[in-house]
1. Can you tally the net charge around residue 15? Count Lys and Arg as +1, Asp and Glu as -1, for every other residue whose Cβ sits under 13 Å from the Cβ of residue 15.
2. Suppose each label sits 7 Å from its Cα in the direction of the beta carbon; what would the residue 88-residue 16 distance come out to in nanometres?
3. Taking the DSSP beta bridges in the chain as the whole, what percent of them are antiparallel, to the nearest 5?
4. So what's the gap between the Cα centers of segment 105-143 and segment 43-102, to the nearest angstrom?
5. Helix hunt in the chain: which complete DSSP H runs extend at least 20 Å axially by C-alpha with mean Kyte-Doolittle at least 1.6?
6. Mind listing the long-range amide H neighbours of residue 82? Cut-off is under 5 Å, sequence gap 5 or more, other chains count too, H placed in the peptide plane at 1.01 Å from N.
7. Can you list the residues, at least 5 places off or on another chain, whose amide H is less than 5 Å from the amide H of residue 149, using H built in the peptide plane?
8. Which listed residue (60, 33, 10) has the Cα farthest towards the positive end of the charge dipole for segment 1-76, taking +1 on Lys and Arg C-beta and -1 on Asp and Glu C-beta about the Cα centre?
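Just so it is clear, none of the values below were taken in a lab; they were calculated from the coordinates. As the structure is a computational prediction, the values presented were derived from the model and not from experiment. Methodologically, a virtual Cβ is constructed for each residue, glycine included, from the backbone with ideal geometry; neighbour enumeration extends over all protein chains shown.
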Amino acid sequence: MSTDFEVVVPHLADAEELASVHVQAWREAYRDLLPEHFYDDAALESRRVMWSGLLAEEDAGERVRVARRDGRIVGFVAHGAAREHQGHPPERDEQLFALYVLSSCYGHGVGQALLDQALSERPAQLWVAKDNARARRFYEKNRFTADGTEQVDPDLDGLVEIRMVR
């Protein structure tokens, strides 16, 4: 396992690069699960706006980390207080909202380092695409288990998600 990366707090100036990584990581993770419009220029602009707003928030440094390799962002994690999701009340106090790594860094410990920075060993919950077997195996390795709660996300063209808890 390579450790030629570092996990750091992002800055507002990272919003554009984070948006690009976000869209590319989605393309790599969901290419067979979501239609192409989730990776187009409009999606990229939407992510730029999202990251600019998120990184401008005062507590962003407590909730977001990025992994850098050779000075470039190759992954990110976002976590915070758990909240209701599509009518499902939270089962844990803390939630992992996003963890994405570029496929060129799969198997190098980047995802694990990001998860460890975000949650350590604390109890938490997350939502993951039911058909994303790679992500589910990763979370299971980290003691998350599906709790039987499943939903169809209308914002993701009907993608089926499951909740996992630890």
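1. Spelling it out: positives minus negatives among the neighbours equals -3.
2. Computed distance between label sites residue 88 and residue 16 equals 3.7 nm.
3. Numbers: 28 of 30 bridges.
Here the antiparallel bridges make up roughly 95 percent for the chain.
4. Taking the Cα centre of segment 43-102 as reference, the centre of segment 105-143 is 14 Å away.
5. Helices meeting the criterion: none.
6. Result for residue 82 returns 94, 95.
7. For residue 149, whose amide H was placed from the backbone, the distant partners under 5 Å are 163.
8. It is 33.
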